[in-house]
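Here is the structure we will look at, set down as structure tokens.
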Amino acid sequence: MDFDRYLSQVAVPEVFPSGQKAIKSSSVVVVGVGGTGSTMAEMMVRMGVGRITIVDDDIVESSNLNRQAMYRESDIGLKKVDVAKSELLKINSDVEVEALDERLTIYNAEDIISYGKLTLDGTDNYSARGAINESSFRLKKPWVFTAVEGTFGYAKAIIPGKTSCLSCFGYPQKGEGVSCTIQGVIPSAVRAVSSLAITLAMKILLGKEESGDLIYLDVWKPMLETLPIPRNDDCTVCGRKGAD
Amino acid sequence: MQGYHIGGKQMKVHIKYYAKYVEYAGAKIEDLEVERMSISDLLEVLKDRHPRLKEEKMSIVALNGRFGNEKTLISDGDTISVFPPVSGG
Ligand SMILES: [Zn+2]
């Protein structure tokens with residue numbers, strides 16, 4: 001490992017050289033490489049994750065270019081995962097990059113999540129997140145939830161057996177929701193929520209995240225709030241009254 | 001203050017709206033007097049007061065800064081935070 005390139009992050013006591021080794025030996029899956037997903041994938045690769053699997057079946061459109069990382073005008077019409085894979089390898093050739101030209105559904109979620117130690121949610125609809133939540137719980141794998149709209153968004157760590165899950169607190173488990181292009185989102189909100197999520201991801205990989213709090217961020221006000229979400233015994237996914 | 005006096009002990013609760021709900025409710029914070037009821041019933045009261053809240057299929061509601069069971073009954077002085085769900089990425 002070319003350690004010099006990570007000097008600035010290992011100088012941070014929260015990471016330290018032992019933490020960098022943990023990041024290097026980790027594998028992550030990024031589901032959806034749109035606004036949040038492309039940003040999170042780029043950050044994980046820059047930070048030196050060992051292996052990354054990116055999953056998306058979309059093509060690059062001009063309406064993506066204001067906020068999505070890595071894509072350029074010349075990429076319009078190309079598969080997002082192909083462009084992203086090639087860019088990620090240019091950024092850090094030590095990283096193993098796998099591209100899956102697929103859309104995550106309840107049918108393939110477990111297979112996709114099995115590629116990594118940790119899943120990062122870059123999806124844009126409720127059903128996909130519901131599927132990640134259920135499959136991650138079954139496979140006992142942690143994941144990081146993100147969602148953005150307008151000037152605000154959410155991030156939350158979900159660690160089966162330790163924290164509450166996405167279904168514990170009333171977040172919709174099904175449906176398409178409204179896309180960013182229609183509902184509107186400002187690029188800085190996308191980047192800010194992605195940064196929070198990557199911090200949670202690092203903490204999970206270093207064994208330093210336990211809380212599973214919901215982080216609410218509004219870049220316009222600006223405002224950041226952390227709200228505890230205790231495990232819900234009646235949760236249909238992780239509730240202790242069901243099969244745990 | 002507009003209340004919902006249907007009988008029974010009245011509770012004073014503080015409602016905090018987040019993100020686009022501030023616009024829907026016309027305020028960031030609203031103080032209400034209501035009967036003792038569950039969080040989910042209170043949400044219905046809020047939807048009647050501010051019909052635009054019905055535009056979302058569901059809302060995320062925290063009681064005194066913590067998420068929990070929506071069947072929990074509110075108490076005098078509680079703060080209820082109401083967030084829109086979001087699907088974008
Ligand atoms: Zn749960």
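The values are calculated or read from the model by the stated rules, or taken from the named source; none is laboratory data. As the structure is a prediction and not an experimental result, all values here were calculated from the model. No Cβ is skipped: glycine too gets one built from the backbone with ideal geometry, and neighbour counts run over all protein chains shown. Surface areas here come from the heavy atoms of the whole protein model, side chains and all, with no ligands, DNA or RNA. Shrake-Rupley method; radii C 1.70, N 1.55, O 1.52, S 1.80 Å.
Assuming residue B:87 fulfils every condition listed in (1) modelled with pLDDT of 95 or more; (2) in contact with a helix residue (DSSP H, G or I) (Cβ under 7 Å, 6 or more places away or on another chain) apart from one, which condition is it?
Unmet condition: (1).
Which one of B:72, B:79 is touching a residue at least 60 places away in the same chain (Cβ under 8 Å), within 12 Å of chain A (Cβ to nearest Cβ) and either open to solvent by 20 Å² or more (accessible area, probe 1.4 Å) or over 19 Å from residue A:213 (Cβ atoms) (or both)? Steps first, answer last, please.
On the way: B:72 fails: touching a residue at least 60 places away in the same chain (Cβ under 8 Å).
The unique qualifying residue is B:79.
Which of the residues that make up the stretch A:111-140 are in contact with a helix residue (DSSP H, G or I) (Cβ under 7 Å, 6 or more places away or on another chain), more than 21 Å from residue A:164 (Cβ to Cβ) and away from chain B (no Cβ under 13 Å)?
The one that is in contact with a helix residue (DSSP H, G or I) (Cβ under 7 Å, 6 or more places away or on another chain), more than 21 Å from residue A:164 (Cβ to Cβ) and away from chain B (no Cβ under 13 Å): A:114.
Looking at (1) surrounded by fewer than 24 Cβ atoms within 10 Å (Cβ to Cβ); (2) part of a strand (DSSP E or B), which is the only condition residue A:29 fails?
Checking residue A:29 against (1) surrounded by fewer than 24 Cβ atoms within 10 Å (Cβ to Cβ); (2) part of a strand (DSSP E or B), the one that fails is (1).
Of the residues A:170, A:212, A:161, which is within 16 Å of the ligand (Cβ to nearest atom) and more than 12 Å from every other protein chain (Cβ to nearest Cβ)?
Residue meeting the stated conditions: A:161.
Restricting to the stretch A:134-144, what's the tally of residues that are surrounded by 24 or more Cβ atoms within 10 Å (Cβ to Cβ) and in contact (Cβ under 8 Å) with a residue 40 or more places away in the chain?
So the answer is 1.
List every residue pair whose Cβ atoms sit under 9 Å apart, with the two residues 6 or more apart in sequence or on different chains, where the first one lies in the stretch A:1-27 and is over 9 Å from residue A:48 (Cβ atoms) and the second, anywhere, is open to solvent by 80 Å² or more (accessible area, probe 1.4 Å) and among the aliphatic types (A, V, I, L, M).
Note: pairs meeting the criteria are A:21/A:1.
Looking only at the stretch A:97-110, filter to residues that are touching a helix residue (DSSP H, G or I) at 6+ places or on another chain (Cβ under 6 Å) and under 22 Å from residue A:173 (Cβ atoms); which one of those is surrounded by the most Cβ atoms within 10 Å (Cβ to Cβ)?
So the residue we want is A:104.
Whether any residue in the stretch A:156-166 is open to solvent by less than 50 Å² (accessible area, probe 1.4 Å) and among the charged types (D, E, K, R) is what I want to check. Break it down into steps so the answer makes sense when it comes.
Filtering the stretch A:156-166 for residues open to solvent by less than 50 Å² (accessible area, probe 1.4 Å) gives A:156-160, A:163-166.
Imposing the further condition that a residue be among the charged types (D, E, K, R) reduces the set to A:156.
Taking every residue of the stretch A:156-166 in turn, at least one turns out to be open to solvent by less than 50 Å² (accessible area, probe 1.4 Å) and among the charged types (D, E, K, R).
Quick one: how many residues across the stretch B:38-69 are exposed (fewer than 15 other Cβ atoms within 10 Å of the Cβ), more than 9 Å from every other protein chain (Cβ to nearest Cβ) and closer than 19 Å to residue A:164 by Cα?
The number of residues fulfilling the criteria is 1.
Looking at the stretch A:94-151 only, could you name the residues that are in a loop (DSSP other than H, G, I, E, B), touching a strand residue (DSSP E or B) at 6+ places or on another chain (Cβ under 7 Å) and away from the ligand (no atom under 16 Å from the Cβ)?
Within the stretch A:94-151, A:95, A:101, A:102, A:104, A:115, A:116, A:117, A:122, A:123, A:124, A:151 meet the criteria.
Could you tell me which of the residues A:240, A:191 is more than 7 Å from chain B (Cβ to nearest Cβ), within 16 Å of the ligand (Cβ to nearest atom), open to solvent by 70 Å² or more (accessible area, probe 1.4 Å) and not hydrophobic (A, V, I, L, M, F, W, C)?
Working: A:191 fails: within 16 Å of the ligand (Cβ to nearest atom).
When all the criteria are applied, what remains is A:240.
So, in the stretch A:219-237, of the ones that are open to solvent by 70 Å² or more (accessible area, probe 1.4 Å) and in contact with a strand residue (DSSP E or B) (Cβ under 9 Å, 6 or more places away or on another chain), which residue ends up nearest to the ligand (Cβ to nearest atom)?
Within the stretch A:219-237, the match that is nearest to the ligand (Cβ to nearest atom) is A:226.
For residues that are within 29 Å of residue B:86 (Cβ to Cβ) and either of a type outside the set (Asp, Glu) or modelled with pLDDT of 95 or more (or both), tally how many sit in the stretch B:5-40.
Initial filter on the stretch B:5-40 (within 29 Å of residue B:86 (Cβ to Cβ)): B:13-32, B:34, B:37-40.
Among the residues that remain, those that are also either of a type outside the set (Asp, Glu) or modelled with pLDDT of 95 or more (or both) are: B:13-22, B:24-32, B:34, B:37-40.
Adding up the residues that qualify gives 24.
Quick one: is residue A:55 within 14 Å of chain B (Cβ to nearest Cβ) and within 16 Å of the chain's Cα centre (by Cα)?
When the stated conditions are applied, residue A:55 passes them.
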